[in-house]
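Chemist: What follows is a structure written as structure tokens; I'll ask about it next.
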Amino acid sequence: MIKCKILLLILMVGAALSVSKLSAHERFLFIGTYTDTIYVYTFDDQNGTLSEFTKISGIKNPSFLKRKGNNIYAVNETADGAVVALEFGDKELSVKGGVSSGGDDPCYVDVNRDLVAVGNYSSGNFMLYQIASDGSFKAAVDSVRHIGSSSNSERQQSAHVHCTRFSPNGKELFVADLGTDMLYVYPIKGKKILKNIAKTVKIEAGSGPRHFEFHNNKPIIYLLNEMSGEVQVYGRTKAGELALLQSLKDDNMRSQNSAVGVGSADIHLSPNGRFLYASHRGVENCITIYAVNEIDGKLTYVGKQSVEGQTPRNFVIDPTGNYLLVANGVSDEIVVMSIYTQTGKLTPLENSVKVIKPVCLVF
């Protein structure tokens, strides 16, 4: 009954808006937050400026977003969580519907063809939903619950699913579990997860695998570990197993051995595939930069850049590859940085905007 009331409230908060024609250098940026609001900004890729366009309220903790065409999927990161489908059309932003996430504190959502995968952090499980051609939800088609723990008695007392991403070819679902120090690769057949033949990788105890990125055109996965701050590079064998190729850690990070921990958060490749970036919270509040070898996909450490604020939970690179925008959750701001495309290095611009508790950025 409570879930029904929550979903009814979500359905009532669709907000109409008039979408003016954007210039050739403008695009929309959607911002998920730890409030009850999703913001829409316009971003000008000529000068790197952001302007608030509209917002929609009444959606509790829409902390993580994913876009497919004109549809936006947002988790409600709460105990007894939900996931909401919104449509961003030529004339309006509206909520199409919502469903229970099937667990507690959903923190990630991904979409692939006619499936949505949502990961529940606190309950250690993930759900697979079928979606209709218009982007609305149809039915839950599968679910998996992880069981286990790892070496950190405070952070890893049980499974904590953190990232659920479909592979580039759509035939697998990759799942990072921070609580069990495991990375799973689940084959998908039709609309079902083939649980019995999943590939698994055991990460070093206490690492806390969080987010990962796929190489643009090679069978390589870049994994970011939240608790250790380590970036790992995995390749695929002919049998489909994941093989560790490289592990890197910035030994200059002050919080490596502190009680605070590194708090690594997000990881993305530049559009041209030449550079990899990772954000770190803790006391670091920085982005580390790696050059990607075009032959084997391995990484070379380039350096790090302060995010000019606190707690860079997520960031995004604009489609031109010229700008990196970071959501500083505690200092309540979006900071824009220019990317020097020859070296990958970052330069903060004086274009930051105030947004309360920003979490996730999606163009």
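The values are calculated or read from the model by the stated rules, or taken from the named source; none is laboratory data. Here the structure is a predicted model, which is why all the values come from computation and not from measurement. With ideal geometry, Cβ positions are generated from the backbone for all residues, glycine too; neighbour counts draw on all protein chains shown.
Chemist: Output yes when any residue across region 206-219 is surrounded by 15 or more Cβ atoms within 10 Å (Cβ to Cβ), within 17 Å of the chain's Cα centre (by Cα) and among the charged types (D, E, K, R), and no when none is.
Modeler: Within region 206-219 (the criterion being surrounded by 15 or more Cβ atoms within 10 Å (Cβ to Cβ), within 17 Å of the chain's Cα centre (by Cα) and among the charged types (D, E, K, R)), the answer is yes, since at least one residue qualifies.
Chemist: Which residue out of LEU29, LEU22 is over 18 Å from the mean Cα position of the chain (by Cα) and under 21 Å from THR320 (Cα atoms)?
Modeler: LEU22
Chemist: Which members of region 132-173 meet the condition of being crowded, with 22+ Cβ neighbours inside 10 Å and either assigned to a loop (DSSP other than H, G, I, E, B) or among the hydrophobic types (A, V, I, L, M, F, W, C) (or both)?
Modeler: Scanning region 132-173 gives SER150, GLN156, ALA159, HIS160, VAL161, CYS163, LEU173.
Chemist: Answer yes or no as to whether ASN76 is modelled with pLDDT of 95 or more, surrounded by fewer than 20 Cβ atoms within 10 Å (Cβ to Cβ) and farther than 20 Å from VAL335 by Cβ.
Modeler: no
Listed here are the residues, each with its yes/no results for (1) out of contact with any strand residue (DSSP E or B) (no Cβ under 8 Å at 6 or more places or on another chain); (2) surrounded by fewer than 19 Cβ atoms within 10 Å (Cβ to Cβ); (3) not in a strand (DSSP E or B).
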| position | (1), (2), (3) |
| --- | --- |
| ALA243 | no, yes, no |
| GLN246 | no, yes, no |
| GLY273 | no, yes, yes |
| VAL316 | no, no, no |
| LEU325 | no, no, no |
| MET337 | no, no, no |
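Chemist: Give the number of residues within region 18-45 that are touching a residue at least 24 places away in the same chain (Cβ under 8 Å), assigned to a loop (DSSP other than H, G, I, E, B) and polar (S, T, N, Q).
Modeler: The number of residues fulfilling the criteria is 2.
Chemist: So, one more: Check VAL109, VAL116, VAL84 and return the single one that is under 26 Å from ARG27 (Cα atoms) and touching a helix residue (DSSP H, G or I) at 6+ places or on another chain (Cβ under 7 Å).
Modeler: Just a single option satisfies the conditions, and that option is VAL84.
Chemist: Quick check on CYS107: is it touching a strand residue (DSSP E or B) at 6+ places or on another chain (Cβ under 8 Å), under 23 Å from GLY240 (Cβ atoms), assigned to a strand (DSSP E or B) and not charged (D, E, K, R)?
Modeler: no
Chemist: Shifting gears a bit: Got at least one residue in region 298-312 being hydroxyl-bearing (Ser, Thr, Tyr), modelled with pLDDT of 95 or more, closer than 26 Å to ASN61 by Cα and part of a loop (DSSP other than H, G, I, E, B)?
Modeler: Looking for residues that are hydroxyl-bearing (Ser, Thr, Tyr), modelled with pLDDT of 95 or more, closer than 26 Å to ASN61 by Cα and part of a loop (DSSP other than H, G, I, E, B), one finds at least one in region 298-312, hence yes.
Chemist: Specify which of the listed residues (ILE287, ILE267) is touching a Lys or Arg at 6+ places or on another chain (Cβ under 7 Å), under 21 Å from LEU223 (Cβ atoms) and either touching a residue at least 60 places away in the same chain (Cβ under 8 Å) or buried (at least 17 other Cβ atoms within 10 Å of the Cβ) (or both).
Modeler: The match here is ILE287.
Chemist: Across region 110-131, what is the number of residues that are of a type in the set (Gly, Ala, Ser) and in a strand (DSSP E or B)?
Modeler: Here the count works out to 2.
Chemist: Looking at LYS192, LYS218, which one is closer than 25 Å to ARG274 by Cα and of a type in the set (Lys, Arg)?
Modeler: Going through LYS192, LYS218 in turn, just one is closer than 25 Å to ARG274 by Cα and of a type in the set (Lys, Arg): LYS218.
Chemist: Of all the residues that make up region 97-130, how many are crowded, with 20+ Cβ neighbours inside 10 Å, free of Cβ contacts under 8 Å to residues at least 60 places away in the same chain, over 19 Å from HIS211 (Cα atoms) and not small (Gly, Ala, Ser)?
Modeler: Adding up the residues that qualify gives 1.
Chemist: Determine whether LYS192 is surrounded by fewer than 20 Cβ atoms within 10 Å (Cβ to Cβ) and within 28 Å of ASP142 (Cβ to Cβ).
Modeler: Judged against the criteria, LYS192 is a match.
Chemist: Sticking with this structure for a sec: I'm checking my understanding of the structure. Among residues of region 178-194 that are part of a strand (DSSP E or B) and basic (Lys, Arg), which one is nearest to VAL116 (Cα to Cα)?
Modeler: LYS192
Chemist: Taking only pairs six or more apart or across chains, which ones have beta-carbon atoms under 7 Å, a first residue in region 46-70 that is closer than 19 Å to VAL353 by Cβ and among the acidic types (Asp, Glu), and a second residue that is at pLDDT 95 or above and not in a loop (DSSP other than H, G, I, E, B)?
Modeler: Filtered contacts from region 46-70: GLU52/TYR39; GLU52/TYR41.
Chemist: Among the residues of region 89-108, what is the count of those that are at pLDDT 95 or above and touching an Asp or Glu at 6+ places or on another chain (Cβ under 7 Å)?
Modeler: Final tally of qualifying residues: 4.
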